[in-house]
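The values are calculated or read from the model by the stated rules, or taken from the named source; none is laboratory data. Every value quoted in this text rests on a predicted model; they were computed, and no experiment measured them. So basically every Cβ, Gly included, is an ideal-geometry build from the backbone, and we count neighbours across all protein chains shown.
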Amino acid sequence: MVSGRNVTDGDKRLPCVLRKTTTATRPDPMNLPSIPCARRAFVCLPLAIVFAGIFLCGFSARADVAEYELKAAFVYNFVQYCKWPANAFDNPSSPLVIGILGDDPFGGALEKALRGKDAGGRKITVKRSHNVDSLKGCQALFVSKSEGGQAAQIIAAMQGTPVLTVGDMEQFARQGGIINFTIEGDKVRFEINRGAAGRAGLKLSSDLLKFAIIVG
């Protein structure tokens with residue numbers, strides 16, 4: 001059993017994992033990093049154990065954490081463990097912008113996951129649009145299921161740009177997207193196309209890659 005102490009990686013506080021709980025109150029996964037871990041049903045762990053816990057415990061839309069609350073937490077970790085080239089930002093103080101293309105499935109879950117957090121010292125903001133051209137200045141782009149019929153065109157539009165594309169549909173990463181959510185049984189997992197990441201000039205952490213399904 002892992003203790004409930006806070007674990008850090010250098011000076012950076014790492015996210016928490018929610019264990020299965022028998023309490024009647026539904027836990028709020030987006031606020032876990034701010035909740036003391038000792039003697040509670042929360043454990044603060046490094047990224048590797050965060051993902052391992054999610055896979056082994058089988059968190060799903062039927063469990064304590066709703067599907068898109070969980071995916072919002074994943075998106076936050078994706079941008080934490082991705083390194084962009086300097087030319088991806090206008091200047092050192094520019095925010096990291098996450099674009100949502102198409103219908104937004106998160107509701108307020110993504111903003112809740114990002115509230116009070118940063119990525120590499122940069123503020124994180126969210127921009128929504130149904131027009132891919134208006135989101136080309138983003139550093140990360142979540143492509144909603146509503147855009148499934150246009151996936152190939154969207155991926156092509158992002159070619160040669162330092163944008164971390166994250167899909168929520170079948171074959172997205174295999175078509176040239178960088179990350180794609182997938183469901184195995186009742187578990188949320190993700191695929192990574194390393195070649196696509198390299199072509200975009202992005203470096204993904206080995207801690208992220210070890211828990212991905214590598215498709216390219």
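One table, with the values for the structure above:
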| quantity | calculated |
| --- | --- |
| Candidates Gly107, Gly58 - the one that is out of contact with any helix residue (DSSP H, G or I) (no Cβ under 8 Å at 6 or more places or on another chain), modelled with pLDDT under 95 and not aliphatic (A, V, I, L, M) | Gly58 |
| Matching residues in the range 93-121 - criterion: being more than 26 Å from Glu147 (Cα to Cα) and of a type in the set (D, E, K, R) | Arg115, Lys117, Asp118 |
| Cβ-Cβ under 8 Å pairs, at least 6 apart or on other chains, the range 97-121 side more than 16 Å from Trp84 (Cα to Cα), far side part of a loop (DSSP other than H, G, I, E, B) and of a type in the set (Phe, Trp, Tyr) | Ile100/Phe106 |
| Test: residue in the range 144-161 that is in contact (Cβ under 8 Å) with a residue 60 or more places away in the chain and among the basic types (Lys, Arg) | no |
| In the range 132-143, the residues that are farther than 19 Å from Tyr81 by Cβ, in contact (Cβ under 8 Å) with a residue 12 or more places away in the chain and of a type outside the set (A, V, I, L, M) | Asp133, Lys136, Gly137 |
| Entirely in the range 102-205, the strands (runs of 3 or more DSSP E) that have 3 or more residues that are crowded, with 20+ Cβ neighbours inside 10 Å | 140-143, 164-167, 179-184, 187-192 |
